[in-house]
Every structure is written in C-alpha cells, then in structure tokens.
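Let me begin by presenting the structure, written as structure tokens, before commenting on it.
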Amino acid sequence: MIAYKKILFCTDFSSYAQAALPYAIDLAKKYGATLHLLHVYQDAGHIAEFELSSDTKSDYVRVAHLMGKEMEERLDALCQRIVEELGSCERKMVRGKAYIEIARYAREMGIDVIVMGSHGLSGLEHVLFGSTAERVLRESPCNVLIVKKGAAG
C-alpha cells in the first residue's frame with residue numbers, strides 16, 4: 001500500500017515548476033502528507049574562477065545576493081500559499097547543484113516522493129548534460145514524479 005508521509009516539491013519558480021505544484025498539493029491532500037518546498041541556487045562563489053576585474057566581481061556578487069533575497073521572498077510567499085491550502089509547509093533554500101542537493105535533501109529528510117517539473121533543455125546542451133529532472137531521477141533515493149508543462153492531470 002502506498003502511504004506518502006513526506007512529499008518534496010522542488011521549484012525554480014519557472015512555468016514548469018508551476019505546472020507541477022498542483023500535483024504535489026493533491027498528493028499531500030490525498031495522503032495527509034507534509035509538503036516540503038526546496039529551491040536550490042548557485043551562489044556567486046564560483047565567480048572567483050574567472051579572471052574579471054574586482055569591480056565586475058563585486059557587481060556580480062551584489063546582483064547574486066539580491067537575486068538570492070528575491071528567491072527567499074518568493075519561497076516564503078509560496079510556502080504561505082500552501083499553508084493556506086494544506087495547513088502546513090516545510091521550506092528550505094540551499095546552495096549547490098540542483099540534482100545533488102535535491103537527492104541529498106530527500107535522503108536526509110526521509111522523503112517518500114519528489115514532485116518536480118520537467119525542464120526544456122534541447123539540442124547539444126541536453127545531450128551533454130541531461131536535464132535536472134533526469135539527473136534527480138537517477139540520483140534520488142525515492143520515487144520521482146516529473147510533470148510536463150501542459151500535461152493533463
């Protein structure tokens with residue numbers, strides 16, 4: 001018997017993620033599960049690898065910091081929206097490579113299923129790197145529901 005207790009919804013705030021959110025909410029309602037929200041970001045630390053002027057690096061770090069603050073606010077707002085619908089919500093924002101951090105979070109929190117949107121990489125980029133969704137599917141310790149944008153539920 002399937003009994004999801006912890007559902008992880010991963011968001012990058014794209015239209016693909018928005019398409020997957022109703023599935024995560026419906027699963028949480030159906031099983032009385034806790035819905036976890038996760039956003040993974042890449043910080044400005046990797047900019048040190050490039051030979052840029054200190055002014056350019058400083059500008060980049062400042063913009064990255066502002067974007068991080070905006071993502072935190074968006075995650076809070078999304079969590080609040082879910083709390084209104086489900087009564088509770090766990091949220092976390094972490095730094096790193098998305099597929100690694102998603103799998104790590106799922107393992108550490110004992111997540112039963114991950115819900116996420118598909119991502120539309122195409123051409124050579126897809127051949128070389130694959131999509132985040134594909135990588136999560138390979139690395140995940142649990143089942144993964146990948147929702148295509150525009151798919152009928």
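Per-peptide packing, taken as the mean over residues of other Cβ atoms within 10 Å, places 6-14, 81-89 in the sequence 6-14, 81-89 from highest down. Of all lysines in the structure, the ones whose alpha carbon falls short of 22 Å from that of K5, not counting any fewer than 8 places away in one chain, are K29, K30, K92. Our coupling estimate for segment 98-114, obtained by passing each phi through the Karplus curve with A = 6.51, B = -1.76, C = 1.60 and θ = phi - 60°, is 3, 5, 5, 5, 5, 5, 4, 4, 4, 5, 5, 9, x, 5, 8, 8, 9 Hz, Gly and Pro reported as x.
Each value in this text was obtained by applying a stated rule to the coordinates, not by laboratory testing. In this text, all values refer to a predicted model and were calculated from it rather than measured experimentally. Glycine also receives a Cβ, built like all others from the backbone with ideal geometry; neighbour counts cover every protein chain displayed.
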